[in-house]
Every structure is written in structure tokens, then in C-alpha cells.
1. Beyond 19 Å, what share of the Cα-Cα pairs of region 1-80 remains, rounded to the nearest whole percent?
2. Using all C-alpha to C-alpha distances in the chain, build P(r) with 5 Å bins and read off the rounded percent in each one.
3. Ignoring everything except DSSP H segments at least 4 long, calculate the 222 nm mean residue ellipticity for the chain; use -39,500 (n - 2.57) per segment, divide by total residues, nearest 500.
4. Under a 1.4 Å probe, what is the accessible area of the chain per residue, stated in Å²?
5. Computed over the Cα atoms of region 48-107, what is the convex hull's projected area averaged over all directions, in nm²?
6. Give me the tail of P(r) for region 69-150 as a percent: Cα-Cα pairs with distance above 19 Å.
7. How big is the gap, in Å, between the Cα center of region 100-150 and the Cα center of region 52-77?
Amino acid sequence: MQTVWLSGAEWLAVLRIGLGLWWLESWRHKDKKGWFERGTGIAWAADVAAKHRWTFVKGGFELVVAPRPKAMAYIVVYAELAIGLGLVFGFLTPVALIGGLLLNLLYLVLMIHDWAEQGQNAMMALISLVALLAMSWQTWSLDAAIGLFP
């Protein structure tokens, strides 16, 4: 592939690293004290799920998240950190890309009413899909350095 300045594989690595930085920013700006001590993140999600137009969202939330709000707060917050670090350093990259894609799809479904958030989640999901299918871990990654996912 002919490109300006970088090779196609290097541009894919730039895309992967940029997506990782986006996830890290999502993690950085979260009020962790609010999420972990006051339960603000899960309480907000519970309110959104309760009013959701699709009944399976409310049911799924009540089945999976509501019984364990503290654990789910830690899972969401630290999943964003793990995804970001995995993508920036290119470690377990396919796992991070699939995890990020699933988390963005979950956010898309949960926040179907909030059009402001949909653009971000859709773009992040699209980048995850492209980076996954184009095997963006082949360049500038720990995965390539240690021979994971050839």
C-alpha cells in the first residue's frame, strides 16, 4: 500500500494508538471517587436503563448490573483503562479491540436516546472494527515484538 510518510501498517498502528489514547482519556476524566464510593456511574446507568425504550435493556441491567453495582463500577472503569493500555502498547491487542468494541456497542445500546454520545461510540466502534480486521497489532506493538497473534 502506498501512502504519504508512513506505510499502511504504520497508519493502522497510529489509528490503534489513537483509539487507545481515547480510551485512556475516558478513564482519566471519570470521577473515580464518585463511581466507587458514591455509585454515581451505576446509578446514572440504572436511571437510563429504567427509562429505556427497549425492555431487554432494563431487564439485562436488573439481571447483570443491579445485583452487583460496586463490582460493575470497578469493571467498567478498569476495563476502560485496560483497553486503553492494551491498545497504546499493543499488548493483547485483539482482546483489547474486541473488549472495546463490545463496550462501545453496550454504550450505544444503553444510550440510544443521547445523540451527543452516539457519535463518539459509533466512531470508536468503527475504529475498533477496522483495527481488528486489519490486524493493527503487526506494527509498533508488544504483540509483534514477542510474536503473539502473527
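1. On the way: 1695 of 3160 pairs.
Pairs farther apart than 19 Å: 54 percent.
2. Histogram of Cα-Cα distances, whole percents per bin: 2, 10, 17, 19, 18, 14, 9, 6, 3, 2, 0.
3. Values: 7 runs with 101 residues, N = 150.
Computed ellipticity for the chain at 222 nm equals -22000 deg cm²/dmol.
4. Details: 8640 Å² over 150 residues.
Using a 1.4 Å probe on heavy atoms only, each residue of the chain averages 58 Å².
5. Numbers: hull surface 17.4 nm².
Directional mean of the projected Cα hull area for region 48-107 stands at 4.3 nm².
6. 41 percent
7. 22 Å
The values are calculated or read from the model by the stated rules, or taken from the named source; none is laboratory data. Predicted model only: the values in this text are computed from it and were never measured. These area figures cover heavy atoms from the full protein model, side chains too; ligands, DNA and RNA do not enter into them. Shrake-Rupley method; radii C 1.70, N 1.55, O 1.52, S 1.80 Å.
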